[in-house]
Each structure stands twice: as structure tokens, then as C-alpha cells.
Amino acid sequence: MNKLNMIYEGKAKQLYTVEENDKIIIHYKDDATAFNGVKKAQINHKGELNNAISTIIFNHLHKNNIPTHYIETLNDRDQLCHKVSIIPLEVIVRNIIAGSMAKRLDIKEGTVAPKPIYELCFKNDELGDPLINEDHALALNVVSESDLKEIKDLTLKINTLLIDLFKNIDITLVDFKIEFGRKLDGTIVLADEISPDTCRLWDTLTQKKLDKDRFRRDLGNVEDAYQEILARLSK
Ligand code: TMP
């Protein structure tokens with residue numbers, strides 16, 4: 001399957017058309033950004049690492065009956081996926097409080113949430129991806145009530161599956177962000193990627209951060225952290 005035209009370039013990935021109109025190729029880049037693109041760098045091999053990590057995770061979710069856009073991994077940076085139109089919501093689950101929630105509500109990072117915390121942000125760079133609730137999402141006209149229910153049900157199932165997957169390799173799934181899309185036939189599927197760019201992953205024993213916070217917070221050894229996640233997931 002060959003890449004034809006680049007139709008979109010995001011911060012970490014490019015999308016290409018292929019001969020079949022209902023599929024696309026997602027190409028993973030080494031670019032990393034933080035704070036809505038203000039901080040930028042290249043992280044060696046990040047594209048390959050996230051492609052490999054996201055492949056393992058999407059395969060695991062698919063095996064557990066989560067509908068996804070993923071079809072197959074073509075090479076070290078490219079995935080063939082169903083074409084979707086992305087629903088402009090960043091869907092976040094927090095099992096442990098960290099990052100923006102710790103800051104916004106002045107809760108100590110590392111505090112265990114009493115139950116998984118479900119958040120929505122409006123995916124809009126100009127507005128800085130503001131935190132919204134389900135009623136705001138309806139007012140934005142991007143989803144229906146039944147879409148919202150489907151998205152929340154799928155997200156909480158994904159959380160349970162990912163907590164277990166990472167628990168088995170001594171990683172604590174602190175939080176993550178996912179995105180959903182609509183296939184040409186209208187079905188809602190998990191889209192985008194799941195990787196250390198989009199999750200907070202802490203070593204359960206040492207609490208060492210093994211995710212993009214190493215880049216956001218200048219902690220160093222970003223590539224090593226991603227390699228560690230891939231090595232453990234590959235066992
Ligand atoms: P936050 O604590 O900064 O709101 O991040 C919550 C989760 O979402 C965390 O796992 C990192 C992920 N995330 C993204 O994938 N993309 C983003 O642009 C941001 C801000 C966070």
C-alpha cells in the first residue's frame with residue numbers, strides 16, 4: 001500500500017491518502033511539542049517507538065472488542081487505518097491526579113482518584129483545547145446524546161483494559177487522552193494514537209515517569225523512557 005498525497009500534518013503525525021478511498025496511512029514523526037506547540041523538539045526514534053507502542057495497544061484493544069480505526073502496521077513509521085472524521089473532543093481519563101488537574105485544583109500530584117475521572121476538552125488549538133462538559137459538547141454540535149454515551153462507555157472500558165495491560169508490566173496508568181472518529185459508514189471508533197505522548201505512565205515500583213512529561217518538564221532521557229515502555233510491552 002503506497003502513500004499518495006499528504007492531506008494533513010499534525011504536531012506528531014502526517015496523514016496520507018491511499019488508493020482506497022476509505023483508508024489512510026498515518027505516518028509517525030519524531031517531532032514533539034508541548035504547551036500547544038510553544039515548546040518544540042525532535043526526539044530520536046520517537047516516531048518508530050510510538051508507532052510500535054500504539055500498534056501493540058490497538059491490537060490489544062481490538063482483541064477485546066473495542067472498535068478502532070487501526071488496520072495494520074506497514075513499516076516502522078506507517079500504519080494503515082480506516083479513514084475517519086475526527087470528533088473534535090479530547091477524551092481524558094485520570095486514575096491518579098497529575099498534570100493540569102493537579103495544578104487547576106491544587107491537588108498533590110500522585111493522589112489516587114476515588115474513581116476514574118472522565119474529562120472532555122474541545123479540540124481546538126486556537127482556544128487552547130478548553131475543558132468542557134457533555135452539555136458544552138452538545139452545544140458545540142459535534143456529538144449527539146447517544147454519541148456521548150457511546151464515547152463514555154468505550155472510554156471507561158478502554159481505561160480498564162489499559163490499566164490491566166500496564167499493571168502486568170509494572171507500569172501505573174496515571175491518565176491518558178484519546179480521540180474518536182466516525183468511519184465513512186458513521187460508526188464511532190477509537191482513532192489517533194495511544195502512546196507515551198498521550199498517556200502518563202509511571203514505573204510502579206520507583207514512580208519514575210516513562211512518558212512525555214520527561215519532555216514537557218525537561219527531565220531528560222525521553223527516548224530511553226519510550227524504549228522502556230516498548231521493551232516491557234513487547235515481553
Ligand atoms: P493534562 O494533565 O495536561 O490535562 O493531560 C492529561 C493527559 O492527556 C495526559 O496523559 C497527557 C495527555 N495529553 C495529550 O495527549 N495531549 C495534550 O495536548 C495534552 C495537554 C495532554
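Just so you know, all these numbers are worked out from the coordinates, no wet-lab data involved. Keep in mind that this is a model prediction, so the values were computed, not measured. Don't worry about glycine lacking a Cβ; one is built from the backbone with ideal geometry, like all the others, and counts go over all protein chains shown.
Just want the answer: with Cβ charges of +1 for Lys and Arg and -1 for Asp and Glu, which residue in PHE122, ILE97, ILE56 is farthest toward the dipole's positive end in the chain?
Of the listed residues, the answer is ILE97.
Determine which lysines satisfy two conditions relative to LYS157: a Cα distance under 25 Å, and not lying fewer than 8 residues away in the same chain.
Partners within reach: LYS63, LYS83, LYS115, LYS123, LYS149, LYS167, LYS177, LYS183, LYS209, LYS212, LYS235.
With θ set to phi - 60°, apply the Karplus curve 6.51 cos²θ - 1.76 cosθ + 1.60 along the stretch 224-233 and write out the HN-Hα couplings as whole Hz, x wherever there is a Gly or Pro.
Using θ = phi - 60°, the values come out as 4, 5, 5, 4, 5, 4, 5, 4, 5, 5 Hz.
Could you put HIS45, HIS69 in order, starting from the residue whose Cβ has the fewest other Cβ atoms within 10 Å?
Exposure proxy ranking, most exposed first: HIS45, HIS69.
Amide H to amide H under 5 Å from ASP129: which residues, 5+ apart in sequence or cross-chain, H placed 1.01 Å off N in plane?
ASN124
From largest to smallest, what semi-axes in whole angstrom does the stretch 23-74 give when each is the square root of 5 times an eigenvalue of its alpha carbon gyration tensor?
25, 12, 11
Return an integer: the convex hull volume of the alpha-carbon atoms of the stretch 80-200, in Å³ per residue.
Dividing the Cα hull volume of the stretch 80-200 by its residue count gives 127 Å³.
Taking K and R as +1 and D and E as -1, what net charge do the other residues with C-beta under 10 Å from the C-beta of TYR226 add up to?
Summing Lys/Arg as +1 and Asp/Glu as -1 gives -3.
If we count other beta carbons within 10 Å of each Cβ, what is the order of SER54, SER144, SER100, fewest first?
With the sparsest Cβ surroundings first, the list reads SER144, SER100, SER54.
Find out how many positive minus negative residues lie around ILE117, taking Lys and Arg as positive, Asp and Glu as negative, among other residues whose Cβ is under 10 Å from that of ILE117.
0
Counting only residues 5 or more places away or on other chains, whose amide H sits under 5 Å from the amide H of ILE66 once H atoms are built in the peptide plane?
none
Return the tail of the calculated pair distribution for the chain, meaning the percent of Cα-Cα pairs more than 21 Å apart.
Here the long-distance tail beyond 21 Å is 56 percent of all Cα pairs in the chain.
Please give the net charge around ILE92, taking every other residue with its beta carbon less than 11 angstrom from that of ILE92, where Lys and Arg add +1 and Asp and Glu add -1.
-2
Order by neighbour count: TYR118, TYR8, TYR28, fewest other Cβ atoms within 10 Å first, most last.
Ordered by Cβ neighbours within 10 Å, fewest first: TYR8, TYR118, TYR28.
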